1. Using amide H atoms built in the peptide plane, which far-off residues or other-chain residues are under 5 Å from Phe53 H to H?
2. What net charge is computed for the residues neighbouring Asn48, neighbours being all others with C-beta under 15 Å from the C-beta of Asn48, Lys and Arg scored +1, Asp and Glu -1?
3. At most 11 other Cβ atoms within 10 Å and a DSSP loop assignment: could you name the GluC sites (Glu not before Pro) in the stretch 16-81 that fit?
4. Determine how large the accessible area of Val74 is when every protein chain is in place; take a 1.4 Å probe and give Å² rounded to the nearest 10.
5. Using the Karplus equation 6.51 cos²θ - 1.76 cosθ + 1.60 (θ = phi - 60°), what ³J(HN,Hα) coupling, rounded to whole Hz, does each residue of the stretch 8-22 give in order, writing x for Gly and Pro?
6. Express in Å², to the nearest 10, the accessible area of Thr75 obtained by rolling a 1.4 Å probe over the protein heavy atoms while all chains stay in place.
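The values are calculated or read from the model by the stated rules, or taken from the named source; none is laboratory data. Here the structure is a predicted model, which means the values were calculated and not measured. Cβ coordinates were reconstructed from backbone atoms using ideal geometry, including for glycine residues, and neighbour counts include every protein chain displayed. Heavy atoms of the whole protein, side chains included, go into the accessibility calculation; ligands, DNA and RNA do not. Shrake-Rupley method; radii C 1.70, N 1.55, O 1.52, S 1.80 Å.
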Amino acid sequence: MLLIPCPNCGPRDETEFHYGGQAHIAYPENPAELTDREWAEYLFYRDNTKGAFAERWLHSTSCRQWFNMLRDTVTYDIQAVYPMGQLRPDKENTATGTTAPTLPSPVSPEGASK
């Protein structure tokens with residue numbers, strides 16, 4: 001069982017969430033000008049990273065809010081949860097010289113066990 005820390009509701013079982021794919025994929029500025037190949041790459045081509053990977057998740061059975069999560073694809077270790085539109089916590093923001101907040105140590109809800 002994977003315990004996912006929803007930023008609005010706290011830690012919940014993974015069955016309450018839906019996976020939304022890779023995070024930080026920008027919509028093309030002018031999709032009508034893309035070739036079929038470029039459009040297909042936008043729709044279907046994603047990174048297949050071994051290690052830290054930024055993903056989008058939806059807490060579908062409770063707050064129904066989307067958020068991003070930085071998760072290790074090898075160990076399933078959740079490294080950070082952060083709002084949509086925010087930079088990856090492991091990438092430094094060069095414009096401001098700051099980084100996004102990281103996830104505090106995980107807290108299990110009452111009665112939950114791994």
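1. Arg71, Asp72, Thr73
2. Net charge in that neighbourhood comes out at -1.
3. Glu29
4. 80
5. Once rounded to whole Hz, the list reads 9, 10, x, x, 9, 5, 4, 5, 7, 10, 10, 6, x, x, 5.
6. Accessible area of Thr75: about 90 Å².
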